[in-house]
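K.L.:
Once you've had a glance at the structure underneath, I'll fire off some questions.
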Amino acid sequence: MARWSTMTWAGWSTMTFMAIGVAAYGIGGVIVGIDQMIPAMAYHLPDRASFAAAHFAVGGLVLAIGPFQFLPVLRTRWPSVHRWIGRVYVAGCLFSGVAALILATNTNAGPIAQTGFTLLAVYWLISTTMAFLKARSRDFVEHRKWMVRSYALTLAAVTLRIYLPVSMMGFGLDFLDVYPAISFACWVPNAIIAEWLLKQR
């Protein structure tokens, strides 16, 4: 079984802590009310409430469980648990990804934001599907690579919620001014870092 370095554990722990925090925020938004917890998305409620709820609740679930799929001990000692969490993750990503695609194409933040979030949803669906297909064909090397890519895109939920407050409160920028740029910034660097990490292996 591969042993992780202290730096790897620290990185995984930080990622997991932030992922669970944002997941709780998203799921809490559905429970309490999207209009109260996530007011920037309230404009979806009249026509796309079910898609918004599906994206935040199911997306929150896959965001929270995703990090545990990378634990070597889970794959080696409890492979059946790894497989079942993987099935839930894939199904959740596809379900939430389709909802995200519908929300993205109906955003009121303009064509740049629409393009950024639509591409994110499409790449998320593709990478997750590829991860599933590689697992089904028992090509586990490629399966792990596609899972890294998929989860890097899932983490866009975290990076978006870092960039937004930093841009608005730290630099005093307006939401509608910064949101289009963040529609790309929240996931493109994640995807680049994922490819860099894969090349280090």
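K.L.:
Going residue by residue through region 136-152, is there one that turns out to be modelled with pLDDT of 95 or more, of a type in the set (S, T, N, Q) and closer than 26 Å to F51 by Cα?
P.N.:
The answer is yes; a qualifying residue exists.
K.L.:
So which pairs qualify, if the first residue must be in region 175-187 and outside any helix (DSSP H, G or I), the second must be polar (S, T, N, Q), the Cβ gap must be under 9 Å, and the two must be at least 6 apart or on different chains?
P.N.:
As it stands, the answer is C186/T159; W187/T159, since those pairs meet every condition given.
K.L.:
Of all residues in region 126-144, which are of a type in the set (D, E, K, R) and either buried (at least 20 other Cβ atoms within 10 Å of the Cβ) or touching an Asp or Glu at 6+ places or on another chain (Cβ under 6 Å) (or both)?
P.N.:
K134
K.L.:
If a residue counts only when it is open to solvent by 20 Å² or more (accessible area, probe 1.4 Å) and within 23 Å of P180 (Cβ to Cβ), which helices (runs of 4 or more DSSP H) contained entirely in region 1-105 have at least 3 such residues?
P.N.:
Helices (runs of 4 or more DSSP H) meeting the threshold: 45-65, 79-105.
K.L.:
Of all residues being buried (at least 19 other Cβ atoms within 10 Å of the Cβ) and among the polar types (S, T, N, Q) in region 160-201, which is nearest to T16 (Cα to Cα)? Just the residue, please.
P.N.:
Result: N190.
K.L.:
Given S167, S150, which one is touching a helix residue (DSSP H, G or I) at 6+ places or on another chain (Cβ under 7 Å), farther than 25 Å from I65 by Cβ and among the small types (G, A, S)?
P.N.:
From the options S167, S150, the qualifying one is S167.
Quick grid of which residues meet (1) modelled with pLDDT under 90; (2) under 16 Å from the mean Cα position of the chain (by Cα):
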{"site": "Q36", "(1), (2)": "yes, no"}
{"site": "P46", "(1), (2)": "yes, no"}
{"site": "F56", "(1), (2)": "no, yes"}
{"site": "G59", "(1), (2)": "no, yes"}
{"site": "P67", "(1), (2)": "no, yes"}
{"site": "T76", "(1), (2)": "yes, no"}
{"site": "V81", "(1), (2)": "no, no"}
{"site": "F95", "(1), (2)": "no, yes"}
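K.L.:
Return yes when T115 is β-branched (V, I, T), open to solvent by 60 Å² or more (accessible area, probe 1.4 Å), touching a helix residue (DSSP H, G or I) at 6+ places or on another chain (Cβ under 9 Å) and in contact (Cβ under 8 Å) with a residue 40 or more places away in the chain and no when it is not. Walk me through how you get there before you give the answer.
P.N.:
On the way: β-branched (V, I, T): yes; open to solvent by 60 Å² or more (accessible area, probe 1.4 Å): yes; touching a helix residue (DSSP H, G or I) at 6+ places or on another chain (Cβ under 9 Å): yes; in contact (Cβ under 8 Å) with a residue 40 or more places away in the chain: yes.
So T115 fits the description; yes.
K.L.:
Yes or no: G116 in a helix (DSSP H, G or I), at pLDDT 90 or above and closer than 21 Å to P165 by Cα?
P.N.:
Considered against the rule, which asks whether it is in a helix (DSSP H, G or I), at pLDDT 90 or above and closer than 21 Å to P165 by Cα, G116 comes out as yes.
K.L.:
Right, next: With G66, G92, G60 as the choices, which residue is touching a Leu at 6+ places or on another chain (Cβ under 6 Å) and under 17 Å from I27 (Cα atoms)?
P.N.:
G92
The values are calculated or read from the model by the stated rules, or taken from the named source; none is laboratory data. Bear in mind the structure is a predicted one, so any value in this text is a computation, not a measurement. Glycine gets a Cβ as well: all are built from the backbone with ideal geometry, and neighbour counts include every protein chain shown. The accessibility values were calculated without ligands, DNA or RNA, using every heavy atom of the protein model including side chains. Shrake-Rupley method; radii C 1.70, N 1.55, O 1.52, S 1.80 Å.
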